[in-house]
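**Student:** What follows is a single structure, and I will ask about it in a moment.
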Amino acid sequence: IKLACQRFLSFLGREDIEFRPEKVNKVISFISKLKHFTGSHNGKPFILQPWQCWVCANIYGFYWKDTNERVTKNAYIEVARKNGKSAFAAGLCLYALIADGENNSEVELIANSRKQAGICFDMCANFIRTLDPKHKLFRTYRDKIRFDKTKSFLQVLSSDSGNNDGWNSYMYVADEAHSYPDSKMYDVMKSSQAFTFRQKFLCTT
């Protein structure tokens, strides 16, 4: 944690890097449009905790001045259980799908098993229902969500689902990354990202 804070402060002090708070606020504002769908928070907006806002600031706030590209393209997020990791990951996935300005965006949720990857996907699907209760903008299937306005989609991929080659991932989330027996899924998805600005998030507890 201390090293992450030191890195954040060092980025703020660099002349070749610019911090853009409006970019961070856009992500936070988007996630606040999502609504919880279970328990005592059902129907309430998804308001990020301070630590989650700080993660967003690290990922979405820093830009190279000469290229306007994001500095952070690879994030490892590790938190204790029951801190909303999967819901937070789902919010970031939906931002990449809907609001990050990418046409033909491909967002992947990867894990060891379809069951594990499906946990985050189900959260994405439920959040989508709170955004689009009449199903006018999104089409939700068993393991895919389509956003036809920008020809984008979010899907589940897992090591037990056979061939996972041939994708062109804009962003992927590797859920429970610590439990992976090897790096095969990660390597496949990394090779699918042909452009340097694309993002990968490893989430674990």
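**Student:** Can you find, within segment 47-77, the residue that is surrounded by the most Cβ atoms within 10 Å (Cβ to Cβ) among those that are within 14 Å of the chain's Cα centre (by Cα) and assigned to a strand (DSSP E or B)?
**Tutor:** ILE77
**Student:** Return the residues of segment 32-46 that are outside any loop (DSSP other than H, G, I, E, B) and either without any contact (Cβ under 8 Å) to a residue 24 or more places away in the chain or in contact with a Cys (Cβ under 8 Å, 6 or more places away or on another chain) (or both); say none if nothing qualifies.
**Tutor:** Once the filter is applied, which keeps residues that are outside any loop (DSSP other than H, G, I, E, B) and either without any contact (Cβ under 8 Å) to a residue 24 or more places away in the chain or in contact with a Cys (Cβ under 8 Å, 6 or more places away or on another chain) (or both), segment 32-46 yields SER32, GLY39, SER40, HIS41, PRO45.
**Student:** Can you tell which of ARG81, ARG129 is part of a loop (DSSP other than H, G, I, E, B) and among the basic types (Lys, Arg)?
**Tutor:** Of the residues listed, the single one that is part of a loop (DSSP other than H, G, I, E, B) and among the basic types (Lys, Arg) is ARG81.
**Student:** Being closer than 13 Å to ILE98 by Cβ and among the acidic types (Asp, Glu) is the filter here, so list the residues in segment 112-158 that pass it.
**Tutor:** Of everything in segment 112-158, those that are closer than 13 Å to ILE98 by Cβ and among the acidic types (Asp, Glu) turn out to be ASP132, ASP148.
**Student:** Now for a separate question. Might you check whether a residue that is modelled with pLDDT of 75 or more, surrounded by 13 or more Cβ atoms within 10 Å (Cβ to Cβ) and aliphatic (A, V, I, L, M) occurs anywhere in segment 187-196?
**Tutor:** So far as segment 187-196 goes, no, none of its residues is modelled with pLDDT of 75 or more, surrounded by 13 or more Cβ atoms within 10 Å (Cβ to Cβ) and aliphatic (A, V, I, L, M).
**Student:** Looking at segment 105-117 only, could you name the residues that are in contact (Cβ under 8 Å) with a residue 60 or more places away in the chain and outside any strand (DSSP E or B)?
**Tutor:** Within segment 105-117, SER105, ASN112, GLN116 meet the criteria.
Yes or no, residue by residue, for (1) of a type outside the set (A, V, I, L, M, F, W, C); (2) loosely packed, with under 13 Cβ neighbours inside 10 Å:
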{"residue": "ILE1", "(1), (2)": "no, yes"}
{"residue": "GLN6", "(1), (2)": "yes, yes"}
{"residue": "ARG20", "(1), (2)": "yes, no"}
{"residue": "GLY43", "(1), (2)": "yes, yes"}
{"residue": "ALA87", "(1), (2)": "no, no"}
{"residue": "CYS93", "(1), (2)": "no, no"}
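**Student:** While we're here: Could you check, for segment 75-85, whether at least one of its residues is at pLDDT below 95, under 30 Å from ALA125 (Cβ atoms), of a type in the set (S, T, N, Q) and in contact with a helix residue (DSSP H, G or I) (Cβ under 7 Å, 6 or more places away or on another chain)?
**Tutor:** Within segment 75-85 (the criterion being at pLDDT below 95, under 30 Å from ALA125 (Cβ atoms), of a type in the set (S, T, N, Q) and in contact with a helix residue (DSSP H, G or I) (Cβ under 7 Å, 6 or more places away or on another chain)), the answer is no, since none of the residues qualifies.
The values are calculated or read from the model by the stated rules, or taken from the named source; none is laboratory data. Just so we're clear, the structure is a prediction, and the values are computed from it rather than from any experiment. FYI the Cβ positions are ideal-geometry reconstructions off the backbone, even for glycines, and counts take in every protein chain you see.
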